[in-house]
Amino acid sequence: MQKDIQDQHSNPSLATGGYSHTKATLALAKASFRSIMRSPSAVVFTLAFPLIFILVFGFLGGGGTRIDVGVTPGSDVNNPVIGTLEKTGMIRLVKDKSKAEFDKLLEKGNVDAMIDVHRKVNTSAYSVNVVYTSASRDKGGILKSVLNNIFYDKTLKPTVAEIKESTITGREYKTIDFILPGQLGFSLLSTGVFGTAFVFLSLRQTLVIKRFFATPVRRSSIVIGEGIARIGFALIGALFIILIGHFFFGFTLVHGTLTVVNMLILATLGVIVFMGFGFIISGLAKNESMVPPISNIVTLPQFLLSGTFFSIEAFPSWLQPISRALPLTYLNDAMRKVAFEGSGLWDVKFQIMILLLWGIGIYAVAVKVFKWE
Amino acid sequence: METKKAIISVKDLVKKYDDFVAVQGLSFEVFEHEIFGLLGPNGAGKTTTLEIIETLRAKTSGEIIVDGLSVDKQAQDIKQIIGVQLQAAGYYPNLNLVELIELFAGLYGANIKPMEMLEKVNLQDKAKAKYKALSGGQKQRFSIATTLINQPKIIFLDEPTTGLDPQARRNLWDLIVEIRNAGTTVVITTHYMDEAEQLCDRVAFVERGQIIALDTPDNLIDKLVSSGFERKKEVKKANLEDVFINLTGQEWRE
């Protein structure tokens, strides 16, 4: 109409062509990041909780898992099997106790297993008899895998005892190597779910988003800006946890920096998937007090069943399929493989694929239930 | 108002919710550089009308042109030239005022100095304060600062003085007049008739989604008086608010 007359107000930088959606997105990311860093709950969930668990387990384990293995009275003790077990540093052999005493200890789980080694008649091979206890299933599981390594060839090829020694003395599997990836996964889960749900619900309820809509910003910029901030925060948290674990508790990083980078890539994927839950919850929750219960429905089962504290192998068989359906299980699994076994990202492609499938499913739902106003 | 050029024109605006008609056939024009008041009881449709003009809400029918731009096709362009203060809107949590201004500068793509914006509304001393820690008047002044970031041609203020004490209210009036004098058109809603009388160049009364009167405050009052209306009580040369201001002083309390 009278556009030409209003030159006193003309502002070339505001012309449509000059508007930068990238700048708007980054301004949002910066604001959101500042806000997260100042939010006590974000810092507590992302850093404090996982670190406390790591501290507790780090000190409990004394830096490593100890498996107490009773040596059955009468067993041969000067053989490569026993020798190799001692060299691993994680197995403490308990000797000089009577059969009856051992039975009691075994029943209570004070010793995790009994071992009985005899040289086979007329060969150089050994026959090893191991008794596990249901009182200490997870440690039994670790022992089993350690022993499997030794046996595998020993029973077939009696002369290869020395070769097997080198395979199991290679790396020490410490408690921290199990606990840290689990805690990391938990930290990513809480940041993604709670953080996202709270922020979007509160931005919606306090009309912050509505005020944003009165500016030329795009909806996608709001989501992406928020995502960048949250991923950035989660990665800083993850790096912090990994470094503390590595330098104070001897967390194993097989390929050093490369392993850390791989873990951070997995962390990014994880947090993006978990943020999807947050978007859904922010859409479902009517007010802020509804966020924690709904979030807990998502996070608690994964916290308990996804191998955060215990290997899912230790769960009863009817529970394991549930564990194997949860996304955190695969993130934890991939993290452990990358950190301890030194796998590359391609080696954990199966886990990544399951996470991606979850991601697609979650965001398909999020698009339906997410509310802007 | 010698040159009356319409900067906003609303024609036959209708807004229906499921079974409720919030706005039924509103038409009015807002002239350049004026302070235009939308008055009316709660639920009359003032906020709905404003939000439709602000491109925040879809209309059912009607035509709205803002500075030559249509709300249907050029919503993005309209957002660039207007500043919006929402009733009861909050701001991003955990940020101080400077950081919030920086955020909005990014959202508008505007190149401004946050401190200068805060100085405009006399909040430079609160630069490091959080929005939540501000008093009612300060919050409203800050909200107005965020509407000015993109150097808009028009700003919309939805009940900016509700809940403020008399000093803060007068202080806000001064600010609004200053903004208008700097060349910005102001559209404001309020429940306070004294405020509308003092501040607005023209007012529209909205009732049940329709405009029932639209004129300058003077003309509307004259019309009523000429129809034979008389106040029950002789009007004194001052009112109780004058007494309050006189006793407690003009200066800002925040």
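Considering only residues that are among the small types (Gly, Ala, Ser) and farther than 19 Å from A:ASN332 by Cα, look in region A:350-369 and name the one that is surrounded by the fewest Cβ atoms within 10 Å (Cβ to Cβ).
The residue in question is A:ALA364.
When the residues of region A:121-137 are narrowed to those that are touching a Lys or Arg at 6+ places or on another chain (Cβ under 7 Å) and of a type in the set (Gly, Ala, Ser), which ends up nearest to A:GLY70 (Cα to Cα)?
Among residues in region A:121-137 that are touching a Lys or Arg at 6+ places or on another chain (Cβ under 7 Å) and of a type in the set (Gly, Ala, Ser), the one nearest to A:GLY70 (Cα to Cα) is A:ALA135.
When the residues of region B:87-107 are narrowed to those that are more than 7 Å from every other protein chain (Cβ to nearest Cβ) and outside any helix (DSSP H, G or I), which ends up surrounded by the most Cβ atoms within 10 Å (Cβ to Cβ)?
B:ASN96
Just the residues that are surrounded by fewer than 16 Cβ atoms within 10 Å (Cβ to Cβ), at pLDDT 80 or above and small (Gly, Ala, Ser), please, taken from region A:42-63.
Passing the criteria: only A:ALA48.
Can you tell me which residues in region A:98-126 are in contact (Cβ under 8 Å) with a residue 12 or more places away in the chain and aliphatic (A, V, I, L, M)?
Selection gives A:LEU105, A:LEU106, A:VAL111, A:ALA113, A:MET114, A:ILE115, A:VAL117, A:ALA125.
In region A:193-214, which residues are facing another protein chain (nearest Cβ under 9 Å) and either acidic (Asp, Glu) or under 18 Å from B:THR47 (Cα atoms) (or both)?
Within region A:193-214, A:GLN205, A:THR206, A:LEU207, A:VAL208, A:LYS210, A:ARG211, A:PHE212, A:PHE213, A:ALA214 meet the criteria.
Just give me the residues in region B:221-254 being in a loop (DSSP other than H, G, I, E, B) and in contact (Cβ under 8 Å) with a residue 60 or more places away in the chain, in sequence order. Give the steps one after another, and end with the answer.
Applying the first criterion (in a loop (DSSP other than H, G, I, E, B)) to region B:221-254 yields B:227-239, B:249-254.
Listed by number, the residues that qualify are B:GLY249, B:GLN250, B:GLU251, B:TRP252, B:ARG253, B:GLU254.
Out of region B:207-224, which residues are surrounded by 15 or more Cβ atoms within 10 Å (Cβ to Cβ), aliphatic (A, V, I, L, M) and under 23 Å from B:VAL177 (Cα atoms)?
Within region B:207-224, B:LEU214, B:LEU220 meet the criteria.
Please indicate, with yes or no, whether at least one residue in region B:151-166 is in contact (Cβ under 8 Å) with a residue 40 or more places away in the chain, in contact with a helix residue (DSSP H, G or I) (Cβ under 7 Å, 6 or more places away or on another chain), basic (Lys, Arg) and under 30 Å from B:ASN122 (Cα atoms).
For region B:151-166, residues in contact (Cβ under 8 Å) with a residue 40 or more places away in the chain, in contact with a helix residue (DSSP H, G or I) (Cβ under 7 Å, 6 or more places away or on another chain), basic (Lys, Arg) and under 30 Å from B:ASN122 (Cα atoms): present.
Being among the polar types (S, T, N, Q), under 28 Å from B:ASP201 (Cα atoms), within 9 Å of chain A (Cβ to nearest Cβ) and surrounded by 20 or more Cβ atoms within 10 Å (Cβ to Cβ) is the requirement here; does B:ASN171 meet it? Lay out the reasoning, then the answer.
Numbers: among the polar types (S, T, N, Q): yes; under 28 Å from B:ASP201 (Cα atoms): yes; within 9 Å of chain A (Cβ to nearest Cβ): no; surrounded by 20 or more Cβ atoms within 10 Å (Cβ to Cβ): yes.
The answer is no for B:ASN171.
So which of B:LYS132, B:LYS139 is surrounded by fewer than 17 Cβ atoms within 10 Å (Cβ to Cβ) and not in a loop (DSSP other than H, G, I, E, B)? Outline the logic, then answer.
Working: B:LYS139 fails: surrounded by fewer than 17 Cβ atoms within 10 Å (Cβ to Cβ).
From the options B:LYS132, B:LYS139, the qualifying one is B:LYS132.
Test B:VAL186 against the criterion of being over 22 Å from A:ALA214 (Cβ atoms) and among the β-branched types (Val, Ile, Thr), and give yes or no.
Values: over 22 Å from A:ALA214 (Cβ atoms): no; among the β-branched types (Val, Ile, Thr): yes.
Considered against the rule, which asks whether it is over 22 Å from A:ALA214 (Cβ atoms) and among the β-branched types (Val, Ile, Thr), B:VAL186 comes out as no.
Among B:ALA204, B:ALA196, which is of a type in the set (A, V, I, L, M, F, W, C), surrounded by 14 or more Cβ atoms within 10 Å (Cβ to Cβ), in a helix (DSSP H, G or I) and modelled with pLDDT of 90 or more? Show your work before the answer.
On the way: B:ALA204 fails: in a helix (DSSP H, G or I).
Result: B:ALA196 is the single residue among B:ALA204, B:ALA196 that is of a type in the set (A, V, I, L, M, F, W, C), surrounded by 14 or more Cβ atoms within 10 Å (Cβ to Cβ), in a helix (DSSP H, G or I) and modelled with pLDDT of 90 or more.
Identify the single condition in (1) in contact with a Phe, Trp or Tyr (Cβ under 9 Å, 6 or more places away or on another chain); (2) farther than 26 Å from A:ALA314 by Cα; (3) at pLDDT 75 or above; (4) of a type outside the set (Phe, Trp, Tyr) that A:GLY70 does not satisfy, given that it satisfies every other one.
All conditions are met except number (2).
Going through region B:13-41 one residue at a time, which ones are more than 14 Å from every other protein chain (Cβ to nearest Cβ), exposed (fewer than 14 other Cβ atoms within 10 Å of the Cβ) and part of a strand (DSSP E or B)?
B:PHE20 - this is the single residue of region B:13-41 that is more than 14 Å from every other protein chain (Cβ to nearest Cβ), exposed (fewer than 14 other Cβ atoms within 10 Å of the Cβ) and part of a strand (DSSP E or B).
Have a look at B:ILE78, B:ILE52, B:ILE65 and point out the one that is under 24 Å from A:THR215 (Cβ atoms), out of contact with any strand residue (DSSP E or B) (no Cβ under 6 Å at 6 or more places or on another chain), within 14 Å of chain A (Cβ to nearest Cβ) and not in a loop (DSSP other than H, G, I, E, B).
Criteria check complete, one pass: B:ILE52.
Quick one: B:VAL84 ticks every box in (1) assigned to a helix (DSSP H, G or I); (2) in contact (Cβ under 8 Å) with a residue 60 or more places away in the chain bar one, so which box is it?
With respect to (1) assigned to a helix (DSSP H, G or I); (2) in contact (Cβ under 8 Å) with a residue 60 or more places away in the chain, B:VAL84 is out only on (1).
Does region A:210-241 hold any residues that are among the hydrophobic types (A, V, I, L, M, F, W, C) and more than 33 Å from the chain's Cα centre (by Cα), and which are they?
Correct list: A:PHE212, A:PHE213, A:ALA214, A:VAL217.
Determine whether B:ALA110 is within 13 Å of chain A (Cβ to nearest Cβ), part of a loop (DSSP other than H, G, I, E, B) and under 29 Å from B:LYS16 (Cβ atoms). Before you say what the answer is, go through the steps one by one.
Details: within 13 Å of chain A (Cβ to nearest Cβ): yes; part of a loop (DSSP other than H, G, I, E, B): yes; under 29 Å from B:LYS16 (Cβ atoms): no.
Judged against the criteria, B:ALA110 is not a match.
The values are calculated or read from the model by the stated rules, or taken from the named source; none is laboratory data. All values reported here derive from a predicted model rather than from experimental measurement. When we count neighbours, we look across all protein chains shown, and the Cβ atoms used for this are built from the backbone with ideal geometry, even at glycine.
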